[in-house]
Amino acid sequence: MLQHGRRPTIASRHGMVAAAHPLAAAAGARILGSGGTAFDAAAATAAALNVVEPYMSGLAGRGVATCYIAKERRVRTLDFVAPIPKKFPVDKLSRRDQLIRGALAVGAPGNLAGWCELVKSHGRKKLPELFAPAIAIARDGYQLIEFNLEEFRTAAGELAGYKELHPEWSRVYTAGAGSVAPGFVLKQPDLARTLEALAAEGPGLLYGGALGQKILDRLSELGGCLTMEDLLAVKTNWVDPIAVSYRGYTVNAPPPACEGYQYLLTLRILEGFDLAKMKRNSAEHVDTVLRAVRLAAGVRIASGVPNPQKLAEILSDSHVEGLRTRVRDGKPVVGPTEQWTPPQEKATAAESHTTSFSIADSDGNLICLTQSLGSVFGSGIVVPGTGLTLNNFLYWADVNPKSPNRVTPGGPLPMCMAPSIVTKNDAPVLALGTPGSYGILQTQPQALVQYLDFGLPLQQAIEAPRGRLTDGVEVFLESRIEPEVHAELRQRGHNVTTGPAWTMKVGGMQGVAVDPATGVFTGGCDPRRDGYVVPA
């Protein structure tokens, strides 16, 4: 039956881009329409996102992609999360809030390397054509839309307190005014020139070249620890994903050091419950999912970066059945959801600014890519003359001296991302990813349950109300779930805070589904942000 007031189903047989901003989705679709692959379109979409959501996305960030590669008939993961800087002074740090802003929080950029590797390995186009849409938007400008305005306004007040960082940020993003108003047109000529130079000269301009040196010079002025050795050490890695079975499908996500295995463990736990027989969005449904999510988070935090043998044990039938028993016992599940914390210590709440997009092409390729600058506008550092905002990814490094997961200089940085590809009978059927820091690992299973267990169309599954758990028994739940359910969940041991009807605290999901029988693609985008779907 037709339901008014909803986004329509967007379908195509020629390709699909679902991204966090309409201009970025259109950039990717333009590449698909001119004969590019999903991997070409990913680079174009990512570069455009650098322009239209500079507070959470850019070539100076990091990320990971999970891909179905049609010519290889398999799923692979590309990891472009660079190691921790070799001179990172972890012994002088004890709390993550010491790294929220500034030069010490900056890790080596991996996104540009990732985009270029996707194109090099599986693309048909060259960087000048792929970066052209982003360059045009940066040079000509674009009007800030709703979510843009919210993010710029939120950041403006806080960044004003950083006297060394604010002037360049304000010059680049507010034309020196310090704030923006509806109708503001943002032009980024410095970024346009940077993208033009990279398109002409390639990634070596950053990794070992003049652009990299310009970044390092600014970080040195501000007391950073990044070196040219760290930039030269940035490598992209194609690896096999980890996978679990769920309702007859196979769900693929990046392996450790990525922390996406929490997402897969949650699904393994939920496989033992017949959710489809529960009333959708009932207390029974939501309670079961929240308990599984919190248990899986506890395992991930206790396990850190597991080796393959340990990971196999975590996902094994015997271990998972014990967790299912714990879900069934009805006793409150209490524990951390983000990083290791000593008993009774409340972790610092971490807002992240990440983006995820999904793309399909007519060759049968499917890609889900999640990338980030970390916090809103990353470290707060905009490198003069480049238009580049640098990440603050080392805020996600566990520096607590008592933690079993304390990071080491030069070592891997575990990242809470989970771009996923779902297959059935070895054919790709869904790309699904979301931003949201540690909430990524929580909200993706919630949406997948709506899609696979309750059979909602992809757009409606993404729109369905969700919750975000934080340490202890805290749950932030969208108000579109009935008030009686909120009350019942409190009776069951969850300290529920009722949020608004829609909130970005539960992510900003984008997905593309494939019907293997007809070859039709359908896209889904999240109205919690400026998500948009554009067919090729």
Separation of the residue 7 and residue 284 label points, Cα + 7 Å toward Cβ, nm: 3.1
Estimated FRET transfer efficiency when R0 is 25 angstrom, pair residue 185-residue 158 (beta carbons, to 0.05): 0.60
Nearest-0.05 FRET efficiency for residue 197 and residue 171, computed from C-beta distance (R0 22 Å): 0.65
Ratio Rg/Rh, restricted to the chain and using Cα atoms, in which Rh is the Kirkwood radius: 0.94
Extension gain, residue 126 back to residue 302 (0.36 nm per residue minus Cα-Cα distance, nm): 58.9 nm
Within the chain, helix-based [θ] at 222 nm, where runs of 4 or more DSSP H residues each add -39,500 (n - 2.57), nearest 500: -10000 deg cm²/dmol
Inter-probe distance in nm under a simple model that places probes 7 Å from Cα toward Cβ, at residue 277 and residue 479: 3.6
Relative contact order %, the chain, counting alpha carbon pairs below 8 Å whose residues are six or more apart: 25
Two-site FRET efficiency, residue 222 against residue 91, from Cβ-Cβ distance with R₀ of 22 Å, rounded to 0.05: 0.60
Which listed pairs, of 163/214; 126/235; 277/310; 92/331; 126/187, have C-alpha distances above 31 Å, in listed order: 277/310; 92/331
Label-point gap, in nm, between residue 425 and residue 495 - each point 7 angstrom along Cα→Cβ: 5.0
Longest exposed-site-free window of the chain, the sites being GluC sites (Glu not before Pro) in a DSSP loop that have at most 14 other C-beta atoms within 10 Å: 352-536
Contour excess over end-to-end distance, with Cα ends at residue 143 and residue 405 and 0.36 nm allotted per residue: 90.0 nm
Anchor residue 86: aspartates and glutamates whose Cα lies under 14 Å away (excluding residues fewer than 8 positions away in-chain): 229, 230
Dipole axis of the chain (+1 Lys, Arg; -1 Asp, Glu on Cβ), positive-most option in 118, 159, 255: 255
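Rule-based calculations on the coordinates, nothing more; no lab input. Remember, it's a predicted structure, so these values are computed and weren't measured experimentally. In this analysis, Cβ positions are derived from the backbone assuming ideal geometry, glycine residues included, and neighbour counts consider all displayed protein chains.
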